[in-house]
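Working notes for the structure below.
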Amino acid sequence: MNEAVIATRGLTRDFVRRTRSGRLLRDRTVVRAVDELTVTISAGESVGYIGANGAGKSTTIKMLVGILVPTAGEVRTCGLDPLRQRRQLAHEVGVVFGQRSQLWWDLPVRESFSILAAIHRLARARAREREAELVEHLEMADYLDTPGRQLSLGQRMRAEVAAALLHTPRLVILDEPTIGLDVLSKQRLRDFLLAERRVHGTTLLLTTHDMGDIERLCDRVLVVDHGRLAYQGSLDGLARTVGAERVLTVDLAEPVADLTDVPRTRHLGSEGNGIRQRLAFDAEATTAGSVLAEVGRRAEIRDLTIEEPDIEDVVRRIYQSQR
Amino acid sequence: MAESLAPALDQGAGMPPTRLAAYRAVLSSRIRAQRSYRANFYTDLAGSFLIGFIELAEVWILFHNVHALGGLTFRNILLVFGIADLAFSVAQMVFGHVDRMPTFLRAGTLDVFYLRPQPVLLQVITSEIGLRRLARALVGLGSLAVGLSLNQIHWSWANAVLLLVTILSATAVHSAMLVWAGGVQFFLVNGAEMTNAFVYGGRYAATQVASVWSAPLKVLFGFVFPMAVTAYVPALHLLGLPGPAWLPTWLAWWTPVFALWMWGLALFTWRQGIRHYQGGGG
Amino acid sequence: MPVRLLPYWRLFLAGVHEQSTYRLAMLGGLVANATFGFLKVAMLFATVRAAGGTLRGYDIGSMSAYIWLSQGLLGSVNLNGVSDFAERIKTGDVAVDFSRPVSPQGAAVARDVGKAVAALGPRGVPSVAIGVLVVGMTMPTTAWPYLLGVPSLAVGITLSAALVYALATAGFWLIETRGVQVLYMVVSGFFAGLFVPIALFPGWLAAMASATPFPSMMMSPIDILTGRVTVARSSALLGIQVVWLAATVTAGLVLTRAGRRTLEVQGG
């Protein structure tokens, strides 16, 4: 049961950019968006695909589903050639593109669903059953008769996910599924995707900037940098590899000199003559408690916040460690 | 709530819908959507009718000043205008939204079509239907009917078949023009105006008396984008009039061949466009 | 320049600049202009010839001048009714326009006029060049037609921008403005004399046309520039243009104010 749902070997994609140089001449530069990507994702896995904007994530997804032709290398999705067997593949894959809607903006959500059911040639009974399941789990009953354009962001995202999953695809690809959602909506969507995976054995591939998505949903992460695979493995391993830092911000009772001497921390900066100071520390090397104790010994603490390492930061560190 | 489900699903519960069900589901829901905003729908119909009507008026004004143009009278030209505008309007109704390709490309709508198990071009074509254009087709049909009744036409079987074949082929030619223009959009950013020159210029040309054209126009709209043979030449044949240089009336029977040529060009352009989009060949 | 007018001048320049960046679109527009131009040449020349060489004051040379000037103005006189401002109302961006210390009407019109002027170079000049070099056309050899024609052209272009702005304000009250836009497109082209010069219209239809602002957008500047009408008649036409412009700007002002109130009541 460990067949590969996604398998790429040396997958590469170049773009030709033409930039104006002079009045008539144009420079032709080749930009490599994806560079010899070799990954295998097995059935039932859930994989986070992360990287900075422009790192090649969307280009990879477009090659996986047959929108773009690779410049070099091989790609098989669900055992099919995405270009030659695109239409067959469409039955096996569901994709949620952040900015591109599957819904008809002027039609009630319900009608969009029934059109999609016909597009995927689902039998009536099957379509109804699935629709009811999705409506229940994504809590969409309240707005089924609302046209797409009138949905709130959270409602729309849930409807988009339902639209992509209506035909119960084996592979679901989600491009920034939780972007712009409030905490509750994010939670709801993540729970749904977990349940979907449990019940149907769906394989998930998602791009995200949200650490919470990765923590809750993914067994494995792939990090790309300039089209190259910079890391693949578990999330814990990722944090350990790069030693991602947490940041402690303290507001002090009175201005003090910069706290540059707190053991195993790095002073990031201070504001208001030293009333507010920011310290970074490695979670592997010390604890928030001992850092706080050390700071408390030097000044009276009024207030504090601790920021978890954000994904951008983790990615940036990976990038730095590669160079 | 079951009745709000698309009619495409109104079949045996266990049977998967047919291949056509997908297109039918989209189209029938588009039709319902257009008709549900009644006020808008009627305004659109009126606007569309007015477009056809004013285009006819522009032709009429010329004939109001002179009795005959390039060998045809206003009665004669009604026949040309009727065939051309009927065919163009029907083509616009079914294929007209293909000229929204620039928007589809900019907004990434095309990517969504790639995620569905139907051919992309068929999805683009069946993604909408411009019902309002029926009103304009009515102007064409009216003009054709008046043209047929006011002119002396020898009604043989051959002529009846010719008329029918002409209308169908002319519709095919105008449809192919729209698909061709859609295919060109893959290559050009902001290039819609360029293709409009031939799509809408073609419509304008199709309603004209081609005998007054200069040689380059005859090449362009007589053969490359075969407009003259979609209405003017068949009308001459029906009226029993001789054709001008380069456009003999026996060409009237060749409209289906010109339609095939235009569709070949359109599909080839579309295919190249898709290749370009996917980055395979360009 | 008074400081108060400076923003509009800047917007005008922004419009000029914006238009000149779309080179390919310009080329496309030129191809369209030329194609339609040659088709008009075929039909209208044939009409003049069928009438015996002159028709209502037109001969081949002056008909050619009408054709290529009207084609050249297509990039500058808005005859399709599409505007950015209509889009801004639809998307709600108009709230931003209202929050600025400049008049939205002045801003939109200044920018559109900028675009229109920028289009005269790459679209107007080549069209006229085709007329002169390929087809042949006669233009007046005295100064008056040009002295009156240039301001007439400026008023015509501004009038079309102001009119399209006023049209766009319909969006404050209507959800779907495409119907209004299509209506404008059909009627404006016809009555501006785009496909057939108004002089060829039967009397009653010409009277209908002159009851609308559309001839002032295109037909009048062309009639003046080509010297088809006398100096006295030219001055009168220019006067009529200015009156239409004043009326349109006033209507735009009133509609903007009313629209703003509607927006405030409904909360956007």
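The values are calculated or read from the model by the stated rules, or taken from the named source; none is laboratory data. Here the structure is a predicted model, which is why all the values come from computation and not from measurement. No Cβ is skipped: glycine too gets one built from the backbone with ideal geometry, and neighbour counts run over all protein chains shown. We work out accessible area using only protein heavy atoms, side chains counted, and drop any ligands, DNA or RNA first. Shrake-Rupley method; radii C 1.70, N 1.55, O 1.52, S 1.80 Å.
Out of curiosity, is B:T109 within 14 Å of chain A (Cβ to nearest Cβ), open to solvent by 20 Å² or more (accessible area, probe 1.4 Å) and over 20 Å from C:M185 (Cβ atoms)? The answer is yes for B:T109. A residue that is within 14 Å of another protein chain (Cβ to nearest Cβ), more than 12 Å from the chain's Cα centre (by Cα) and assigned to a loop (DSSP other than H, G, I, E, B) occurs somewhere in the stretch C:133-154.
Restrict the check to the stretch C:171-181 and report whether at least one residue is more than 14 Å from every other protein chain (Cβ to nearest Cβ), touching a residue at least 60 places away in the same chain (Cβ under 8 Å) and small (G, A, S). Taking every residue of the stretch C:171-181 in turn, none turns out to be more than 14 Å from every other protein chain (Cβ to nearest Cβ), touching a residue at least 60 places away in the same chain (Cβ under 8 Å) and small (G, A, S).
Kindly check whether there is at least one residue in the stretch A:131-143 that is closer than 30 Å to A:M63 by Cα and open to solvent by 10 Å² or more (accessible area, probe 1.4 Å). Among the residues of the stretch A:131-143, at least one is closer than 30 Å to A:M63 by Cα and open to solvent by 10 Å² or more (accessible area, probe 1.4 Å), which makes the answer yes. Among the residues examined, B:L163 qualifies as farther than 25 Å from C:F36 by Cβ, modelled with pLDDT of 95 or more, open to solvent by less than 30 Å² (accessible area, probe 1.4 Å) and hydrophobic (A, V, I, L, M, F, W, C).
The selection criterion, being open to solvent by less than 40 Å² (accessible area, probe 1.4 Å), more than 9 Å from chain B (Cβ to nearest Cβ) and either closer than 20 Å to C:T256 by Cβ or more than 22 Å from the chain's Cα centre (by Cα) (or both), holds for C:V102. Only one entry of B:Q185, B:Q152 meets the criterion of being at negative phi and surrounded by fewer than 16 Cβ atoms within 10 Å (Cβ to Cβ), and that entry is B:Q152.
Within the stretch C:208-218, the set of residues being more than 14 Å from chain B (Cβ to nearest Cβ) and without any contact (Cβ under 8 Å) to a residue 60 or more places away in the chain comprises C:S210, C:A211, C:P213, C:P215. Applying the condition of being within 13 Å of A:D106 (Cα to Cα) and in contact (Cβ under 8 Å) with a residue 60 or more places away in the chain to the stretch B:26-49 and asking which residue is nearest to the other protein chains (Cβ to nearest Cβ) yields B:V26.
Kindly indicate the residue of the stretch B:58-77 that is more than 7 Å from every other protein chain (Cβ to nearest Cβ) and part of a helix (DSSP H, G or I) and also surrounded by the most Cβ atoms within 10 Å (Cβ to Cβ) among those meeting that condition. Ranking the candidates gives B:I77 first. Exactly one residue out of C:M43, C:M26 is assigned to a helix (DSSP H, G or I) and touching a strand residue (DSSP E or B) at 6+ places or on another chain (Cβ under 9 Å): that is C:M43.
The single condition among (1) surrounded by 15 or more Cβ atoms within 10 Å (Cβ to Cβ); (2) touching a residue at least 60 places away in the same chain (Cβ under 8 Å); (3) facing another protein chain (nearest Cβ under 9 Å); (4) not aromatic (F, W, Y) that C:A65 does not satisfy is (3). C:G52 meets each of the listed conditions (1) surrounded by fewer than 23 Cβ atoms within 10 Å (Cβ to Cβ); (2) in a helix (DSSP H, G or I) apart from (2). Scanning the stretch B:207-245 for residues that are in a helix (DSSP H, G or I) and β-branched (V, I, T) gives B:V212, B:V219, B:V224, B:V229, B:T230, B:V233.
Under the condition of being over 15 Å from A:R156 (Cβ atoms) and buried (at least 21 other Cβ atoms within 10 Å of the Cβ), which residue from the stretch A:91-110 is nearest to the other protein chains (Cβ to nearest Cβ)? Residue satisfying both the conditions and the ranking: A:V95. Of all residues in the stretch B:194-206, which are aliphatic (A, V, I, L, M) and open to solvent by 30 Å² or more (accessible area, probe 1.4 Å)? If the condition is that a residue be aliphatic (A, V, I, L, M) and open to solvent by 30 Å² or more (accessible area, probe 1.4 Å), then B:M194 is the only one that fits.
Exactly one residue out of A:T168, A:T178, A:T208 is crowded, with 18+ Cβ neighbours inside 10 Å and in contact (Cβ under 8 Å) with a residue 40 or more places away in the chain, and it is A:T208. Checked against the criterion of being assigned to a loop (DSSP other than H, G, I, E, B) and at pLDDT 90 or above, the candidates A:L83, A:L24 yield just one match: A:L83.
When you look at C:M185, is it open to solvent by 10 Å² or more (accessible area, probe 1.4 Å) and within 16 Å of the chain's Cα centre (by Cα), yes or no? Yes.
When each of B:V209, B:V233 is tested for being in contact with a strand residue (DSSP E or B) (Cβ under 6 Å, 6 or more places away or on another chain) and open to solvent by less than 30 Å² (accessible area, probe 1.4 Å), the lone residue that passes is B:V209. In summary, A:A52 fulfils each of the numbered conditions (1) at pLDDT below 90; (2) open to solvent by less than 30 Å² (accessible area, probe 1.4 Å) with the single exception of condition (2).
Within the option set B:L251, B:L267, B:L239, B:L260, being within 22 Å of B:M101 (Cβ to Cβ), away from chain C (no Cβ under 14 Å) and open to solvent by 10 Å² or more (accessible area, probe 1.4 Å) holds for one residue only, B:L267.
For the stretch A:78-90, the criterion of a residue being closer than 30 Å to C:L24 by Cβ and either assigned by TED's automatic domain parsing to the domain that holds A:T168 or among the charged types (D, E, K, R) (or both) is satisfied by at least one position.
Counting the residues of the stretch A:170-207 that are of a type in the set (S, T, N, Q), more than 22 Å from A:C78 (Cβ to Cβ) and under 12 Å from the mean Cα position of the chain (by Cα) gives 1.
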